[in-house]
Amino acid sequence: MPTAAEPDVINSATPLEMRFEGVHPRLYATEARLQEVRQKLGREPYAGFLVRIRRIANNGLTSVVPADGDGGDDKRTYGCYLTHLVAAYRLTGERPYFDAACRYLEAFIARDSWTVDLMYGHWSHGVALAYDWLYHELDASLRERTADALYRHARRLFEDWVSYQSAAPVAYAWNHTAVPHCGLMAAGCAIWGDLPGVGPLLRMGLEKARIMVDSLGPDGASAEGLAYGQYHNDYLVRSMVLAHELLGLDLFEDCTFFRQYSRFMLYSQLPRCAWRETKVFVQLGDSNGDTWCGPDPQLRMVARRYRDGLAQGLADAIAAAGSSADYGVFAEPFWYDETVAPEHPDSLPLLHHLADKDIVMMRSDWGDQASVFLIKCGPNSGHHAARRYKQDVSGGHMHPDAGHVMLHALGEWLLVDDGYMLKRTSYQNTVLINGIGQEGEGYTWFEDLPFRQGHPEGRILRVETLDDVDVVAADAAPPYKAAARLRKFLRHALYVRPDVWILVDELQADVASTYDLRFHAPQPFTAVKDGWRMTTGGVALEVLPFGLTEVSGKATVDYLKGPNDVHHDEEVPCLVIRNKQPADHAVFVTLFHAHPAGEVSGVRATVAATGGGCRIDLQRGPVSIKLDVSLNRSDAAGPFCRVSS
């Protein structure tokens, strides 16, 4: 094994160079910090953290790292097992965890390739933590071979990235960049000073880290959605912590993304009556509905860095419910700051606009039985990234879904996302024009090339609350394919609390066209007087079309095609509402009312044309509300709706 050479410069001013040469452990915690945390394990929440760390580590105790060619292509989990075996040993001193960690190290060292993709990130991180935290207990041979393996595989990633032959070196907001980048950072920070030639690896790691953080939008929402966004953030936060503590670069201080992260997660959460295991959040982007990584360790760091009680409160709630995906829990006892008091979000507004991704969340309240409605209509990578980069910086886990809406009410999903499927506009709760959808569709992954070449994207025009009615106006026409010949698609979403939502859709094309409004649900729609009803889990959703355009409707089933062998085809009930006769201009008004299935809907509405739009008269029991909606405009200079009673 080569010996360390002097100097192996990073920049000569990092904490690693000035204070940590020859010091182990140093990744995320020093020996003093490890001992400090060990003293706290007898009380909550530290005792709970340890239970969860043990759970992952115990899975690792009974697992065997597959040999080359065995166990399929995805062996990432073994890197997570090693990370938690190491943490469990250092926190408990129980020898079986140490012995298993050594067994894993031998298996990883024997592998010729760790890849230069996601598996590398998981494996390198786990091996780096084992090398650093077990440094003084590993026998000399295993320690030297571990350092050599870390350097060898980090060097392969380094050479791959500096060749710029793949997307990863420039896809800054993508999980396929953040995860291997973390592996590189952990390896470099672990072995610097013990082997020569590590400085260039860390210099590249710092350079990439700066750009990766810069690529994130300011609203806390990942372009990859909830599940992949959590995966990306889990590893990016680890890299940011290493960059700050060991390399002297504080990327948290000016990062608006993570300053807003707790808000994004809070508005995205389902009502707590509906939390089921790791199904806690709405589905955005490719997702099976589960939480994949945390997000409570990420939230702990956000709470620590920004004194964010909302982040602390949400992390506490997720942990208490047992709803965390625990593959990052090893860091939680070290990142938890008990001086940050948890806060409840009940002081936050109920309407929230994620202005970079142009997603709007409308909530009935912050109680455990709240309703959540959202509408999406923005650039697939967000306005921030779209302005800064011409390459695909965010991967392909988005959907062709401008104008897409989702609804969760009374503890049940009522209008659902398509999840993890081929990318097709027809799978979304939006509109087809003569059967034609939006750019980016038709592939396993979202194809953003037309937008990077200049095709316009959708946007939210206006968001406001008027007399307790939330009003959103979205311009969803730009992303449609040229063949649709669509000139206008303005979708107005009105929320009349607590249980009525109205969509006003104004569509105009160059030729007489058929406009299909598509709505997907967990159960079939059935025809009732004046509309359709869908019932699921004791909750009914009434769908009442009453627009200025004469419509017909059909309850059907969409056959959603899965993108691969992991994510399979699904059949999803769908309601299609369309104009009876082709027209170049049409106005649809569609009312949704959620109520207990055993009750009769007492909501009725009529619509009439006015000089500048339409008036909706809504009757709910003895209460009458008039909604005057402006049509025939696409500017945001003034309200799109006026409310009176």
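Values as computed for the structure displayed
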item: Verdict on GLY93 being more than 24 Å from SER324 (Cα to Cα) and small (Gly, Ala, Ser); result: yes
item: Within segment 24-138, helices (runs of 4 or more DSSP H) holding 2 or more residues that are surrounded by fewer than 19 Cβ atoms within 10 Å (Cβ to Cβ), more than 31 Å from the chain's Cα centre (by Cα) and modelled with pLDDT of 95 or more; result: 31-38, 95-110
item: Test result for TYR172, of a type outside the set (Asp, Glu) and not in a helix (DSSP H, G or I); result: yes
item: Residue match in segment 386-406 (condition: part of a loop (DSSP other than H, G, I, E, B), more than 19 Å from the chain's Cα centre (by Cα), within 30 Å of PRO271 (Cβ to Cβ) and assigned by TED's automatic domain parsing to the domain that holds LEU490); result: no
item: Conditions (1) surrounded by fewer than 24 Cβ atoms within 10 Å (Cβ to Cβ); (2) touching an Asp or Glu at 6+ places or on another chain (Cβ under 9 Å); (3) among the aliphatic types (A, V, I, L, M): number failed by ALA149; result: (2)
item: Residue ID - modelled with the highest pLDDT, chosen from residues in segment 625-645 that are farther than 21 Å from HIS585 by Cα and surrounded by fewer than 12 Cβ atoms within 10 Å (Cβ to Cβ); result: SER644
item: Meets criteria (closer than 30 Å to CYS273 by Cβ, within 17 Å of the chain's Cα centre (by Cα) and assigned to a strand (DSSP E or B)) for ILE375; result: yes
item: Per-region count, segment 212-271, residues assigned to a helix (DSSP H, G or I), closer than 24 Å to GLU447 by Cβ and of a type in the set (Gly, Ala, Ser); result: 3
item: Unique match (being at pLDDT 95 or above, under 25 Å from LEU50 (Cα atoms), out of contact with any helix residue (DSSP H, G or I) (no Cβ under 7 Å at 6 or more places or on another chain) and crowded, with 20+ Cβ neighbours inside 10 Å) among ARG300, ARG305; result: ARG305
item: Filter pass, ASP584 being part of a strand (DSSP E or B) and in the same structural domain as LEU414 (by TED's automatic domain parsing); result: yes
item: Candidate set: segment 139-149, residues that are within 39 Å of the chain's Cα centre (by Cα) and among the small types (Gly, Ala, Ser); chosen: the one nearest to ALA190 (Cα to Cα); result: ALA147
item: Some residue of segment 333-341 being under 20 Å from the mean Cα position of the chain (by Cα), farther than 28 Å from HIS593 by Cβ, surrounded by fewer than 23 Cβ atoms within 10 Å (Cβ to Cβ) and among the hydrophobic types (A, V, I, L, M, F, W, C); result: no
item: Residue match in segment 347-370 (condition: closer than 30 Å to TYR46 by Cβ, out of contact with any Gly (no Cβ under 8 Å at 6 or more places or on another chain) and not in a loop (DSSP other than H, G, I, E, B)); result: yes
item: Some residue of segment 476-484 being in a loop (DSSP other than H, G, I, E, B), of a type in the set (Lys, Arg) and over 23 Å from ASN632 (Cα atoms); result: no
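Matching residues to (1) crowded, with 24+ Cβ neighbours inside 10 Å; (2) more than 20 Å from LYS561 (Cβ to Cβ):
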{"residue": "LEU422", "(1), (2)": "no, no"}
{"residue": "GLN428", "(1), (2)": "yes, no"}
{"residue": "ILE433", "(1), (2)": "no, yes"}
{"residue": "GLY437", "(1), (2)": "yes, no"}
{"residue": "TYR443", "(1), (2)": "no, no"}
{"residue": "PRO450", "(1), (2)": "no, yes"}
{"residue": "PRO456", "(1), (2)": "no, yes"}
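This table checks each residue for (1) in contact with a Phe, Trp or Tyr (Cβ under 6 Å, 6 or more places away or on another chain); (2) assigned to a strand (DSSP E or B).
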| position | (1), (2) |
| --- | --- |
| ASP558 | no, yes |
| PRO563 | no, no |
| HIS567 | yes, no |
| THR590 | no, yes |
| GLY598 | no, no |
| SER601 | no, no |
| LYS626 | no, yes |
| ASN632 | no, no |
| ALA636 | no, no |
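The values are calculated or read from the model by the stated rules, or taken from the named source; none is laboratory data. Here the structure is a predicted model, which means the values were calculated and not measured. Neighbour counts are summed over all protein chains in view; Cβ atoms, including those assigned to glycine, are modelled from backbone coordinates with ideal geometry.
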